[in-house]
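The values are calculated or read from the model by the stated rules, or taken from the named source; none is laboratory data. These figures come from a predicted structure and were not determined experimentally. Glycine gets a Cβ as well: all are built from the backbone with ideal geometry, and neighbour counts include every protein chain shown.
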Amino acid sequence: MPDPRFESKIIAKFINHVMEKGKKKTARKIVYRAMEEVADKKKGQEPLDIFERAINNVKPKMEVRSKRVGGANYQVPYRVPEKRGVTLAMRWIIGAAKKKKGSPMHKKLAQELMLASEAEGEAMKKRFNVHRMAQANKAFAYLAR
């Protein structure tokens, strides 16, 4: 079901990721306030467009999974499916916002969304590290099956 305000399924999914202990109303408030904050800071741009750009920027293309061959564990790079990429992007943006200290969650989330839409911030660093790990272990790609 799409969310009531933006009528977007991806926002509804994001709200579910923000939600803790079944408190959906609180999660909705946080996400909607963050979107209002983004709209205030980025005048002339639609907050939903900024949100989608942030998700697309953070979404990883490759990741590594551990695979045991013989007696050794190898980090094998795999291509990330679209759905998992979106889920990881949401998780990383929310995690980066939670790590910041000193201001309300909606402000931290808005700041992280704006940074991610410009390909900056903690969530983008996480994506970069995952890609770097996949690149470094490219030699083990033949183990992927």
**Study point:** Per-region count, the stretch 41-90, residues closer than 20 Å to LYS138 by Cα and polar (S, T, N, Q)
**Key:** 3
Practice item. Taking ALA96 as meeting all but one of (1) exposed (fewer than 13 other Cβ atoms within 10 Å of the Cβ); (2) in contact with an Asp or Glu (Cβ under 9 Å, 6 or more places away or on another chain), write down the number of the exception. Key: (1)
**Study point:** Selection count where residues are more than 16 Å from the chain's Cα centre (by Cα) and among the polar types (S, T, N, Q), scope the stretch 38-85
**Key:** 4
Point to revise | Number of the exception - ALA27 against (1) out of contact with any helix residue (DSSP H, G or I) (no Cβ under 9 Å at 6 or more places or on another chain); (2) crowded, with 18+ Cβ neighbours inside 10 Å; (3) of a type in the set (A, V, I, L, M) | key: (1)
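Can you go through GLU7, GLU36 and tell me which one is outside any helix (DSSP H, G or I), over 30 Å from ALA139 (Cβ atoms), modelled with pLDDT under 95 and not hydroxyl-bearing (Ser, Thr, Tyr)?
Numbers: GLU36 fails: outside any helix (DSSP H, G or I).
None of the other options fit; the residue is GLU7.
Based on what the data block shows, is ALA54 of a type outside the set (Asp, Glu), touching a residue at least 60 places away in the same chain (Cβ under 8 Å) and either under 13 Å from LEU109 (Cα atoms) or not in a loop (DSSP other than H, G, I, E, B) (or both)? Before you say what the answer is, go through the steps one by one.
Numbers: of a type outside the set (Asp, Glu): yes; touching a residue at least 60 places away in the same chain (Cβ under 8 Å): yes; either under 13 Å from LEU109 (Cα atoms) or not in a loop (DSSP other than H, G, I, E, B) (or both): yes.
When the stated conditions are applied, ALA54 passes them.
Identify, please: which residue in the stretch 106-145 is in a helix (DSSP H, G or I) and among the small types (Gly, Ala, Ser) and is, among those, surrounded by the fewest Cβ atoms within 10 Å (Cβ to Cβ)? Please lay out each step first, then the result.
Here is the first cut: in the stretch 106-145, the ones in a helix (DSSP H, G or I) are 106-117, 122-136, 138-143.
With among the small types (Gly, Ala, Ser) added as a condition, the list becomes 110, 116-117, 123, 134, 136, 139, 141.
On the way: ALA110: 27, ALA116: 27, SER117: 22, ALA123: 26, ALA134: 22, ALA136: 12, ALA139: 10, ALA141: 12.
Looking at the filtered set, the residue picked out is ALA139.
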Study note, to complete from the structure: Subset of the stretch 52-67, residues under 17 Å from GLU122 (Cβ atoms) and among the hydrophobic types (A, V, I, L, M, F, W, C), comes to ALA54, ILE55, VAL58
Practice item. State yes or no: is ALA72 in contact with a Gly (Cβ under 8 Å, 6 or more places away or on another chain) and free of Cβ contacts under 8 Å to residues at least 40 places away in the same chain? Key: no
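Inspect all residues belonging to the stretch 64-80 and state whether any of them is assigned to a helix (DSSP H, G or I) and within 22 Å of ASN16 (Cβ to Cβ).
Of the residues in the stretch 64-80, the ones assigned to a helix (DSSP H, G or I) are none.
No: the stretch 64-80 contains no residue that is assigned to a helix (DSSP H, G or I) and within 22 Å of ASN16 (Cβ to Cβ).
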Study note, to complete from the structure: Flagged pairs (Cβ under 6 angstrom, 6 or more apart or on separate chains; first in the stretch 1-23, free of Cβ contacts under 8 Å to residues at least 40 places away in the same chain and aliphatic (A, V, I, L, M); second surrounded by 13 or more Cβ atoms within 10 Å (Cβ to Cβ) and in a helix (DSSP H, G or I)) are ILE15/ALA27; ILE15/ARG28; ILE15/VAL31; MET19/ALA27
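Would you be able to tell me the number of residues in the stretch 87-105 that are within 17 Å of ILE15 (Cα to Cα) and not in a loop (DSSP other than H, G, I, E, B)?
The total comes to 13.
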